[in-house]
Amino acid sequence: SLPLSQTITLPSGQSYEQPTGLFINGEFVKSLQHKTFEVINPSTEEEICHVYEARADDVDLAVDAAHKAFHSEWSHCDPGVRGKYLLDLADLMEANKDTLAAIESMDNGKALPMAQGDVGLVINYLRYCAGWSDKLSGKVIDTGSNYFNYIKREPIGVCGQIIPWNFPLLMWSWKIGPALAAGNTVVLKTAESTPLSALYAAKLAQEVGIPKGVINIVSGFGKITGEAISTHPKIKKVAFTGSTATGKHIMKAAADSNLKKVTLELGGKSPNIVFNDADVKKAVQNLIVGIFYNSGEVCCAGSRVFIQEGIYDEVLEQFKAAAEQLKVGNPFEEGVFQGAQTSQQQLTKILGYVDSGKQEGATLITGGERLGTKGYFVKPTIFADVKPEMKIYSEEIFGPFAVVTKFKTADEVIELANDSEYGLAAGIHTTSLDTATYVANKLEAGTVWINTFNDFHPAIPFGGFKQSGIGREMGEQAFENYTQWKAVRIGI
Ligand code: NAD
């Protein structure tokens, strides 16, 4: 059967040892049924390796290990101890940052500088969570001298975590960081197309001595491994990032099994709005970052672009020119901004929306086709004259695909922007403080970026309004989703 690790040569020429097992109870192990699946490099369409696939019986073992670890020491040790483990992990990740970024680029297809950026965010975020570990305090509540009341935060227990393929390592840290800092233990499932960086990071967690069973990583498919997590009776909470359709399914499964607590970070169709008085150069840069960063595979991508009529032609022309200048191709090649889409399925989906846009009468401004014949590359694509009734206007495409609509007034664009089932993020580009705050206050979005876009910080919470999700990740708010309040009332 498949060995538990394999020497892989990265496109940069460097070799490393890739763990291929499931990470259960502090060890890399074979799955009970010895099933494996293939991992593809989306830039070359070649096989990278196989990894072991977890089934329900493997998830049971992982949950048992996590359950034991939760009740042994992890949940009630001095929280600073947990913080120190996270700091040590962040340090070891920093020492291995080049390998981690290269694995991520190879497995996901994203351009290497994007992957390097992700790894930087991961390290910062783990340090941020470590800082919170011993600061999640409760309080004493005075209700008169006949009582002494205190409330304290306690961890929830074993948390199931299901992550997507667009930011495999970053989502790993957004899930594992706050869960561990608050004293929970985890069983995390990576996306089937991108399991590698999470396994490598698990090896680093093993090296820093994070107690066995605290982190368990189960590679596998949604309908089998994911389902086993969301329905598991001993898992007390499930945190999911991915599509809204799957999020709804997981929420139902969580409710039907044991009413798990649920946090969901789901899809989007975020508006990115340019007003007549915007700094055009900066706005165009933010339109580019908004939709072409990470090959457009971003839940909060600024995929619906609104440009005010007085500046419409100028901005559209510059947006087109800037998109055409982006270097698309081999993620490891110098100067490449946009790598490959992560899977054949995504490539097909994006090209299907190109056909749909043309059929519905939108104007193709640039792109709209595959680049080359090997690797899942798509040219940066912009459609203009896009109307709200078109599919490309309302549906999440998850690729380098912007739709552009002209507007006249602030109130009109607020209505257009809010006319969506989603509410993850929004961008506003203006030099008027009045316009910025007026529009920001009215937008239905969990994050509003003004004169910036896709701009994250560990201290700033992220999450969705409407069907873009439930709960928040990052910031102090992340800990609300990984702790529960206990009230103790003492009669004197
Ligand atoms: P998905 O939501 O189905 O997959 C995300 C994760 O959920 C993966 O780990 C997958 O294995 C798991 N999963 C799938 N079905 C499951 C189930 N029944 N129970 C438990 N877990 C399950 O997304 P996808 O099919 O990979 O991509 C489809 C579309 O979803 C994309 O085109 C994009 O629009 C959207 N998407 C959004 C995000 C985001 O960050 N918001 C991320 C990935 C994909």
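Could you go through segment 394-402 and let me know if any residue there is free of Cβ contacts under 8 Å to residues at least 40 places away in the same chain and either in a loop (DSSP other than H, G, I, E, B) or more than 30 Å from V158 (Cα to Cα) (or both).
no
S173 fails exactly one of the following numbered conditions: (1) crowded, with 24+ Cβ neighbours inside 10 Å; (2) touching a Lys or Arg at 6+ places or on another chain (Cβ under 9 Å); (3) not β-branched (V, I, T). What is the number of that condition?
Unmet condition: (2).
List the residue pairs whose Cβ atoms are under 7 Å apart, where the first residue sits in segment 246-272 and is over 22 Å from A478 (Cα atoms) and aliphatic (A, V, I, L, M), the second is part of a loop (DSSP other than H, G, I, E, B) and within 9 Å of the ligand (Cβ to nearest atom), and the two are 6 or more positions apart or on different chains.
Hits for this filter: A253/T231.
Yes/no matrix, rows are residues, columns are (1) out of contact with any helix residue (DSSP H, G or I) (no Cβ under 6 Å at 6 or more places or on another chain); (2) within 16 Å of the ligand (Cβ to nearest atom):
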residue: E360; (1), (2): yes, no
residue: T366; (1), (2): no, no
residue: K374; (1), (2): yes, no
residue: K387; (1), (2): yes, no
residue: G399; (1), (2): no, yes
residue: K406; (1), (2): no, no
residue: N418; (1), (2): yes, no
residue: E421; (1), (2): yes, yes
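How many residues does segment 408-420 contain that are surrounded by 15 or more Cβ atoms within 10 Å (Cβ to Cβ) and outside any helix (DSSP H, G or I)?
Of the residues in that region, 1 qualify.
Please state which one of A402, A410, A440 is closer than 30 Å to L351 by Cα and modelled with pLDDT of 95 or more.
Going through A402, A410, A440 in turn, just one is closer than 30 Å to L351 by Cα and modelled with pLDDT of 95 or more: A402.
Yes/no per residue for (1) buried (at least 20 other Cβ atoms within 10 Å of the Cβ); (2) among the basic types (K, R); (3) within 26 Å of K189 (Cβ to Cβ):
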| site | (1), (2), (3) |
| --- | --- |
| V63 | yes, no, yes |
| G83 | yes, no, yes |
| R127 | no, yes, yes |
| S133 | yes, no, yes |
| V140 | no, no, no |
| N146 | no, no, no |
| G157 | yes, no, yes |
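Within segment 22-56, track down each residue that is in a loop (DSSP other than H, G, I, E, B) and more than 23 Å from the chain's Cα centre (by Cα).
Residues satisfying the conditions are N25, G26, K30, S31, L32, Q33, H34, K35, T44, E45, R55.
Can you name the residue in segment 188-210 that is near the ligand (Cβ under 7 Å from one of its atoms) and either of a type in the set (D, E, K, R) or in contact with a His (Cβ under 7 Å, 6 or more places away or on another chain) (or both) and is also farthest from A95 (Cα to Cα) among such residues?
E192
For the subset of segment 211-226 comprising residues that are surrounded by fewer than 24 Cβ atoms within 10 Å (Cβ to Cβ) and over 10 Å from I162 (Cβ atoms), which member is farthest from the ligand (Cβ to nearest atom)?
P211
Answer yes if at least one residue in segment 462-469 is out of contact with any Lys or Arg (no Cβ under 9 Å at 6 or more places or on another chain), at pLDDT 95 or above and among the basic types (K, R), and no otherwise.
Checked against the condition, which is being out of contact with any Lys or Arg (no Cβ under 9 Å at 6 or more places or on another chain), at pLDDT 95 or above and among the basic types (K, R), segment 462-469 yields at least one hit.
Condition check ((1) over 19 Å from V289 (Cα atoms); (2) under 26 Å from the mean Cα position of the chain (by Cα); (3) among the basic types (K, R)) across all residues:
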| position | (1), (2), (3) |
| --- | --- |
| A301 | no, yes, no |
| I307 | no, no, no |
| S343 | yes, yes, no |
| T348 | yes, yes, no |
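Among the residues of segment 65-76, what is the count of those that are exposed (fewer than 15 other Cβ atoms within 10 Å of the Cβ) and in contact (Cβ under 8 Å) with a residue 60 or more places away in the chain?
2
The values are calculated or read from the model by the stated rules, or taken from the named source; none is laboratory data. Predicted model only: the values in this text are computed from it and were never measured. All Cβ positions, glycine included, derive from the backbone under ideal geometry; neighbour counts span all protein chains shown.
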